[in-house]
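Data block below; observations after.
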Amino acid sequence: MTQGTAGRRAAPTSDKAVQARTGKTWPEWLAVLDAADARDMTHQQIVAYLGQHYPEVSAWWQQSVTVAYEQHTGRRELHQAAEGYQVSVGRTYGAGVDTLFNAWQDPDLRAQWLPEAQFTVSRATPGKSIRMVWGDGTRVEVNLYARGAGKGQMTVQQSRLPGAEAAAQARAGWTAALERLRGLVEG
């Protein structure tokens, strides 16, 4: 897709992937929305327009096209969401989901890869997910996926971050933490 006003790629999904799912490439979606005067529409109005004129496109893709358009036109920054900014970082490990879940549950082990973390767990499903409120009030969601014998994937998404700088710092922090975890669970 073309560059947004901030000089960043407006959507991480390739033209080929978006076309396979929606029937149009990013440049085609930009042209459709420009022709509809979407620059003067709210987020909800753009989604409603897409729903009315392109009902074959799933609600998820209607949202994705809208967000990408807003990023392209400079109305939304990279990682910006309705309730602040969010980032997601994931890694696949040579360790199963139970080991990865335990890395969150065991305070001594957690202190080795995520020192000084303060959070309150709101929901945890062993071997699958953990939802928590971070000490600064942001939300953190951890999802675990089995990826074969002795392998697991962990994704960490932090949301409600106050700005682009906080999002960049969070991404760097999670990237470093997940690499520290690799050293512990893969030996």
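The values are calculated or read from the model by the stated rules, or taken from the named source; none is laboratory data. These numbers were taken from a predicted model, which means no experiment stands behind them. All Cβ positions, even for glycine, are placed from backbone atoms using ideal geometry, and neighbour counts span all protein chains on display.
Comparison of R147, R180, R139, R171 shows that the only residue that is touching a residue at least 24 places away in the same chain (Cβ under 8 Å), within 15 Å of Y85 (Cα to Cα) and charged (D, E, K, R) is R171. When we screen V57, V65 for residues that are within 19 Å of the chain's Cα centre (by Cα), outside the structural domain of K151 (by TED's automatic domain parsing), farther than 30 Å from R180 by Cα and at pLDDT 85 or above, the only hit is V65.
Given the residues G137, G163, which is the only one that is more than 19 Å from F101 (Cβ to Cβ) and in contact with a Lys or Arg (Cβ under 9 Å, 6 or more places away or on another chain)? Please lay out each step first, then the result.
Details: G163 fails: in contact with a Lys or Arg (Cβ under 9 Å, 6 or more places away or on another chain).
Step by step, each of G137, G163 is checked, and only G137 is more than 19 Å from F101 (Cβ to Cβ) and in contact with a Lys or Arg (Cβ under 9 Å, 6 or more places away or on another chain).
Applying the selection to the range 147-179, what residues are within 13 Å of S129 (Cβ to Cβ) and over 14 Å from the mean Cα position of the chain (by Cα)? Those that are within 13 Å of S129 (Cβ to Cβ) and over 14 Å from the mean Cα position of the chain (by Cα): G152, Q153.
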